[in-house]
Amino acid sequence: MAKRILLSLFLFAITLLKSQDIYSEFRKKYWEYEENDEKAFVYLNLSISSAKKEKNYAELSQAYKDAVRFSQNNKLQYADSTIIAAKLSKSNSLIGNAYTGKGIVYYFNYRKFQPALNEYLKADEYLENADDPFLRYQNLYHIGVVKSYLGYHKESLEIFKECIAYFESNTKANIHPNLIKNNRKGYLNSLHQTIICYQHLGNYKEAEKLIDEGFKRIPKEAFFDLERSYFYKSKGITEFKDKSYQKAINNFESAIPELLKINDFTWSSVVYFYRGMSYAKLGNTEKALTDYKRVDSIFNKHHFILPEIRKNYEELIDYYKDNKNAKNELFYTKQLLKADSIIANDFKYLSTRIHKDYDTKTLLKSRNNLEKTSSVRKYLLIASSLIIILLGGVVLYWFRRKKDLQNKYDKLLLKMKNTDSEKENESLEEVFAKNSKLDVKLIQNLKKGFSEFEKSKGFLEKSITAGKLATQLDTNATYLSLFVKEFKGNNFNTYINKLRVEYAIDKIYNEKDWRKYSVEDIASACGFSNRQNFSNFFFEQYGIRPTDFLKQRKKELEDGNISSVISSLES
C-alpha cells in the first residue's frame, strides 16, 4: 500500500513538469535497476504509455529500446517494437539504431549470427548518412565482429582500428558523461576485438601490448566489469600460447565470474576450452575433462560454437578412444559432426551476405580503373553499366515496395493494438446516448446483444443481414441500423466486414495453420462471399492486401527462426 501511495505521489509530481522532462524522470527511476531486473517496468510502462498517448515516437522508441535491457524473456519482442516506433518517427538515425539493437539481441543473447547480420545490414542502409556518427560506428563495429567470426581477420582489423580511433577521441570530448561512458565502452570493446584479430593472425606481441593498454585504460567502476573479464580472457589465451599454463588458468579464473553472471556463453565456452587445455598440459586430466564437457553442455543448450574451439571435441574423442570407451567416443564424434555442420552452414550464409551486401560497396569504388582498358572493353563497360542501371532500377523498385509494405504492415499492427485499447475503454458511449434518437433502454439491450453477437463470432455467418440480426435481437432493422451508425461509427455492412477483417488479421498473425490457407479460403472462413471483396475491403482499411500481409508475417517469423529450424533439422 505504501509503495502505491509513493508511486501516486511521484506521478502527480512529474505531471507538474514540462512534458519533455517526464521521460527523463522516468529514466532516472528505471536506470537504478540492474540489467534484466523486471522491476524497472513499473516506470518503463509509464514511459511507454505516456509516449503512446502523446504520439511521441522518438521517446516511444527509446522506451522500448530500454525495455530490451530490463526484460528477461521478451527482448526480441521489445526490439521489434523499437523498430516499429522508430519507423513511425521517420528518423533514419532512430530506425538504423533500432535495427542495430535487434541485431545485438540476436548476437549477444542468442549468438545467432545469421539474423544478427541481417539486422546490421538493414541498419547500415539507414545509418550511412546519419547525423550521429556514434550510431554508424556502433553498427560498423558489429559488422566487424561478423567478419572476424568468418575468419577475415585482416579486413576486420581495419574496421576495429577505425572504431578505436573514433571512440577513443570521444572519451575526452566535451559531452554528457553518459555519452563519454558509451564511447569508452565502445573503445574497450573495439580494443578487445582487435586483440582477437591479432591473436588469430599469430601476432601475440601486438596483442599483449593492447591487453596491457586495456587494463591500463579500463575504469574501476562496475559498469566496465564485463570488458575487464574480456581482457583477462585474452591475457589467459596469450599465457597459454606462451606455455605459462598456471598463469593462464589464473587469468581464466578471473574472467569467468562476470561472463557467467551475464550468461555470455560464447566467451565462457572459450575460457572453459583453454582452461581445459591448460589443465591437460599440466597433467590434470580430470579437470581438463570437466571443462571440455562444460563446452559441450553450452553447445547442447545454445547450438553455437566458435570454430577455434571445435578442437574441444577432438580432445574428448581422443581421450575416450585411448581409454577404449567406444560409447563416449561415438557420442562426441556425433557432437563434432553437429558442430561442423552448424559452423559450415553459418559460414556459407554469412560469407555470401557480407560480400554481397557490404563488401560490394567498397569494390564499386574501383570501377574507374576499367576506363583504361581497350575500346572493346569500354563498349562492354557501357553495356554493363546500362544493365546495372536497369537492374538497379528494378532493385530500387523492389526495395521501395518492400519498404512500403513493411511500413504498412507495421502501421496495421499498431492500428490493431490501438483498436484493442479502444475496445477496453468504451465509457464514452454514455455521452453519445444522451444525444441518441434511440430509447436508453433499447440502447442498453442492443449493447448487450451486440456484445454477445461479437463474442459468438456471429459476423462470420455469410448470410447475416441487418434484418436477420434485428430479429435475433428482438428489434427492427431501422433501429438496429441507427444503433450501428451511432455507436459503431459505420453502416451495417462496413461494421460486419471490419469485424471479419480484424478476425482474419488476428488468426493470420497468431495461428500457424491459418498461414497455410489461401486468401480465398481465409475470405470464405471469415464470411466474405468472394476473395476480391475481402481483398478490396482489407486494402481499403489498412492500405495493404491480405496476400502481402500473409507474406510479411511469414517472412517476419522466418527471419527470427532460421537458426532454430536448422538446429531442429540437424537433430
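Please treat every number below as a calculation from the coordinates, not as lab data. Since the structure is predicted, the reported quantities are computational estimates derived from the model, not experimental observations. Quick reminder, even Gly has a Cβ in these numbers, built from the backbone with ideal geometry, and neighbours come from all protein chains shown.
Can you give the extra length, in nm with one decimal, that the chain gains between residue 337 and residue 460 once fully stretched, where that is 0.36 nm per residue apart less the Cα-Cα distance?
Gain on stretching residue 337 to residue 460: 39.1 nm.
Gain in length, residue 53 to residue 390, computed as 0.36 nm per residue apart minus the alpha-carbon separation, to one decimal in nm?
So the extension gain works out to 116.8 nm.
Kindly flag which residue pairs out of 161/209; 457/551; 112/554; 122/554; 112/243; 455/488 have an alpha-carbon separation exceeding 24 Å in this structure.
In this structure, 457/551; 112/243 lie more than 24 Å apart at Cα.
Between residue 513 and residue 325, how high is the FRET efficiency from 1/(1 + (r/R0)^6) when r is the Cβ-Cβ distance and R₀ = 45 Å? Nearest 0.05.
0.45
Which distance in nm do the two modelled labels at residue 477 and residue 173 give, with both placed 7 Å along the Cα-to-Cβ direction?
7.0 nm
If each residue of separation counts as 0.36 nm, what is the full-extension length gain between residue 541 and residue 253 once their alpha-carbon separation is subtracted?
Additional length available on full extension: 97.7 nm.
In percent, how large is the relative contact order of the range 439-570, given Cα pairs closer than 8 Å and 6 or more residues apart?
In percent, rounded to a whole number, it is 18.
What is the spread of the Cα atoms of the range 479-519 along each of their three principal axes, largest first, in whole Å?
For the range 479-519, the Cα spread along each principal axis is 40, 16, 11 Å.
Taking R0 as 30 Å, what's the FRET efficiency between residue 318 and residue 263 from their Cβ-Cβ distance, rounded to 0.05?
0.50
Lysines within cross-link reach of residue 39: Cα-Cα under 20 Å, excluding same-chain residues under 8 positions apart?
3, 28, 29, 65, 75, 261
State whether the range 7-131 is rounded, prolate or oblate according to the following rule on the C-alpha gyration tensor (a ≥ b ≥ c being the square roots of its eigenvalues): a/c under 1.5 gives rounded; otherwise a/b larger than b/c gives prolate, and the remaining case gives oblate.
Working: a/c = 2.84, a/b = 1.52, b/c = 1.87.
Note, shape of the range 7-131 comes out oblate.
Measuring from label point to label point, each 7 Å out along Cα→Cβ, what is the residue 530 to residue 205 span in nm?
Each label point lies 7 Å from its Cα, and together they span 8.1 nm.
Compute the separation of the alpha-carbon centres of the range 494-532 and the range 123-157 and state it in Å as a whole number.
If you average the Cα positions of each part, the centres end up 42 Å apart.
When we measure straight from the Cα of residue 334, which aspartates and glutamates land under 13 angstrom away, once same-chain ones fewer than 8 places off are left out?
Reachable aspartates and glutamates: 296, 314, 570.
Based on the Cβ-Cβ distance from residue 35 to residue 407, what FRET efficiency comes out when R0 is 30 Å, to the nearest 0.05?
In this case the efficiency is close to 0.40.
Please tell me the relative contact order of the range 7-131 in percent, rounded to the nearest whole number, where contacts are Cα pairs under 8 Å and at least six residues apart.
This gives 17 percent for the range 7-131.
Taking K and R as +1 and D and E as -1, what net charge do the other residues with C-beta under 10 Å from the C-beta of residue 196 add up to?
0
Which order, highest average first, do 104-114, 218-228 follow once you tally other Cβ atoms within 10 Å for each residue and take the mean per peptide?
Packing proxy ranking, top to bottom: 104-114, 218-228.
If you average 1/r over every pair of different alpha-carbon atoms in the range 67-189 and take one over that average, what Kirkwood value in Å do you get?
Details: mean 1/r = 0.0673 Å⁻¹.
Roughly 14.9 Å, rounded to one decimal.
At 7 Å along the Cα-to-beta-carbon direction for both residue 284 and residue 42, put a label point, then send me their distance in nm to one decimal.
4.5 nm
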